[in-house]
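Beneath this line is the structure, given in structure tokens, with notes to follow.
Readers should treat all values here as calculations from the given coordinates under stated rules, not as data from a laboratory. Given the structure is predicted, the values throughout are model-derived calculations rather than measurements. Don't worry about glycine lacking a Cβ; one is built from the backbone with ideal geometry, like all the others, and counts go over all protein chains shown.
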């Protein structure tokens, strides 16, 4: 099993969003039951465009195949502690879910956070519903802080 995992990890990578891959990123679609939990990639890229100093959008690839999108935020001086370092979006294409791409992308984002000197990362999720990403984030080690923003629970992970 570890040989299979090792081979898969070598094929997975994150890419900066560029003119050459933005269309592939925008084609990433989660399952219909998940659409209420995460914004479409195009909307996320528009948000990144308005905060280019802090947003960290990346296309998740497996070989030549675009399988997902992750966007982090690194803003050490943000007045809200929860926005200083964290995951803003994670979209794994419906047909590619359950293969470790989300875990890989989160681990890469956390590695980037450590490189930047961060000691804590956050993520916000909608906790209600059968298709909530809550179990995924809890499995990765994020823990609820007790803070709620709108209808989203704040989770944190100490690095």
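Below are the figures for this structure:
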quantity: Region 27-50: number of residues that are within 13 Å of residue 88 (Cβ to Cβ), assigned to a loop (DSSP other than H, G, I, E, B) and more than 15 Å from the chain's Cα centre (by Cα); calculated: 0
quantity: Every residue from region 118-144 that is more than 14 Å from residue 72 (Cβ to Cβ) and in contact (Cβ under 8 Å) with a residue 40 or more places away in the chain; calculated: 119, 125, 126, 129, 130, 131, 132, 133
quantity: Wholly enclosed strands (runs of 3 or more DSSP E) of region 87-159 bearing at least 1 residues within 22 Å of residue 26 (Cα to Cα); calculated: 120-126
quantity: Region 55-66, subset free of Cβ contacts under 8 Å to residues at least 40 places away in the same chain and within 16 Å of residue 27 (Cβ to Cβ), residue farthest from the chain's Cα centre (by Cα); calculated: 64
quantity: Hits in region 82-96 (condition: out of contact with any helix residue (DSSP H, G or I) (no Cβ under 9 Å at 6 or more places or on another chain) and touching a residue at least 24 places away in the same chain (Cβ under 8 Å)); calculated: 82, 83, 84, 96
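Residues checked against (1) in contact with a strand residue (DSSP E or B) (Cβ under 6 Å, 6 or more places away or on another chain); (2) closer than 18 Å to residue 13 by Cβ:
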position: 64; (1), (2): no, yes
position: 81; (1), (2): no, no
position: 85; (1), (2): yes, no
position: 90; (1), (2): yes, yes
position: 100; (1), (2): no, yes
position: 106; (1), (2): no, yes
position: 109; (1), (2): yes, yes
position: 134; (1), (2): yes, no
position: 137; (1), (2): yes, no
